[in-house]
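In what follows, a structure is listed as structure tokens, so that the remarks can point back to it.
Please treat every number below as a calculation from the coordinates, not as lab data. Quick caveat: nothing in here was measured; it's all calculated off a predicted structure. All Cβ positions, even for glycine, are placed from backbone atoms using ideal geometry, and neighbour counts span all protein chains on display.
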Amino acid sequence: MSDTPDAGANGGGETLSNKAAKKRRRREPPPDPAPLPGLVDAHTHLAACGGRDAESVRAILDHAQAVGVDHVVTVADDMVDARWAVAAAEWDDRVYAAVALHPMHAGDLNDETAAELEQMVRHPRVVAVGETGLDYYWPGRSDDCASPEVQHETFRWHIDLAKRVGKPLMIHNREADRDLLDVLAAEGAPETVIMHCFSGDRDVARECVDRGFILSFAGTVSFANSEELRVAAELVPDEQLLVETDAPFLTPHPYRGQPNQSYCLPYTARAVADIRGVSGEEMAQILGGNARRIYNIPLP
Ligand SMILES: [Zn+2]
Ligand SMILES: [Zn+2]
């Protein structure tokens, strides 16, 4: 989870029928993109996309696979979600899981949840520890969000866990660039660090690249007001680049605000290809190859 669903611009002075049409459009799923073979959705939330059981998960993956998205990593936010993500990865061999306590839920860490998370992370279909990190947007706005102090403590525990199990650390960062990089430096980063839904400027991007981190771009890179993000997406070396949907949030342009799912990933992959001046097909091969190497996912 990166954000609340995109609220978008609130257009003033619209007629009622215009507003109704807009409202309808917001519920409408985007059309299928032209297929782009070889992609992996590096970060999605299948349960929040309508996944409930094996059948509904299969339907989401069938749809994704029809446009070239062969595998997805479904990411948990809390303990209930983590158990569900591991089950989903067992139901369908196109699904892999990442488990952790999201910074919002950092206060849920105790001896029992720590032991259970560690056991889940060692599951062969769990490919990353995440999403964990720091979120400075929600404290003060939501009573349900853990305080920054608690977030720091839980983040450090997840960093240590990733190192002990030898799996990538998947980072959530919202308005916490400096502290996040400092905590990682102080603790010692695991071998593989993925900055999910990268949202920093070019300087943060360069610092992450220099530290060997992976930058994963979501639909935000295609938004009209994301010029700085496009500069970041251009300067990352091929082998440190991923794309993700973070679905159901952050639907790529021109469908911003409509429901997102893994089948929408080719829109973002093509946006990144345009930024980097390569073909969509070439970009998909690079991005898919990176995801398979980073998460240790076999070819379909
Ligand atoms: Zn997420
Ligand atoms: Zn997130």
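Hey, if you put +1 on the Cβ of every Lys and Arg and -1 on every Asp and Glu Cβ in the chain, which of 204, 252, 169 ends up farthest toward the positive end of that dipole?
Going by the Cα projections, it comes out as 252.
Please report, to two decimal places, log10 I(q)/I(0) for segment 205-300 at q = 0.18, 0.20, 0.24 Å⁻¹ as given by the Debye formula with identical point scatterers on the Cα atoms and no solvent.
With no solvent term, the Cα-only Debye profile gives -0.81, -0.99, -1.34.
Considering the chain as a Gaussian network with a 10 Å cut-off on Cα pairs, which listed residue, 180, 46, 265, attains the greatest mean-square fluctuation?
Answer for the Gaussian network model of the chain: 180.
Step through the residues of segment 54-68 one at a time and calculate ³J(HN,Hα) from phi using the Karplus curve (6.51 cos²θ - 1.76 cosθ + 1.60, θ = phi - 60°), rounding each to whole Hz and writing x for Gly and Pro.
Karplus values, whole Hz, x for Gly and Pro: 4, 5, 5, 5, 4, 4, 5, 6, 4, 4, 5, 5, 5, 10, x.
Please quote Rg/Rh for segment 33-295 to two decimal places, taking the Kirkwood radius as Rh and restricting both calculations to Cα atoms.
Rg/Rh for segment 33-295 comes to 0.94.
Quote the charge dipole size of segment 33-295 about the Cα centre in Debye, to the nearest 20; the model charges only the Cβ of Lys and Arg (+1) and of Asp and Glu (-1).
Dipole size: approximately 640 debye.
What order do you get for 145, 197, 264 when you list them from fewest to most C-beta neighbours inside 10 Å?
Result, fewest neighbours first: 145, 197, 264.
Below 8 Å, C-alpha to C-alpha, sequence gap of six or more: please give me the relative contact order for segment 191-300 in percent.
23 percent
Mind checking which of 54, 146, 97 has the largest fluctuation in a GNM of the chain, springs on alpha carbons under 10 Å?
Highest fluctuation among the options: 54.
What value, in deg cm²/dmol to 500, does the helix sum -39500 (n - 2.57) over DSSP H runs of n ≥ 4 give at 222 nm once divided by the residues of the chain?
-13000 deg cm²/dmol
With equal scatterers on the alpha carbons only and no solvent term, can you work out the Debye log10 of I(q)/I(0) for segment 60-195 at 0.11, 0.12, 0.17, 0.20 1/Å?
One equal scatterer on each Cα of segment 60-195 leads to -0.39, -0.46, -0.87, -1.12.
At q = 0.13, 0.19, 0.23, 0.26 Å⁻¹, work out log10 I(q)/I(0) for segment 23-109 with the Debye formula, treating every Cα as an identical point scatterer and leaving solvent out; two decimals please.
Those come out to -0.46, -0.87, -1.09, -1.23, one per q.
In terms of the ratio Rg/(2.2 N^0.38 Å) built on C-alpha atoms, what value belongs to segment 171-231?
1.09
Positive end of the dipole of segment 90-248, charges at C-beta (+1 Lys, Arg; -1 Asp, Glu), about the Cα centre: which of 186, 150, 96 has its Cα farthest in that direction?
Of the candidates, 96 comes out farthest on the positive side.
Given Cα pairs under 8 Å that are at least 6 residues apart, what percent is the relative contact order of segment 33-295?
After rounding, I find 21 percent.
Given H placed on each backbone N at 1.01 Å, which residues far from residue 214 in sequence or on other chains put an amide H within less than 5 Å of it?
Those qualifying (amide H under 5 Å, at least 5 residues apart or on another chain) are 193, 194, 195.
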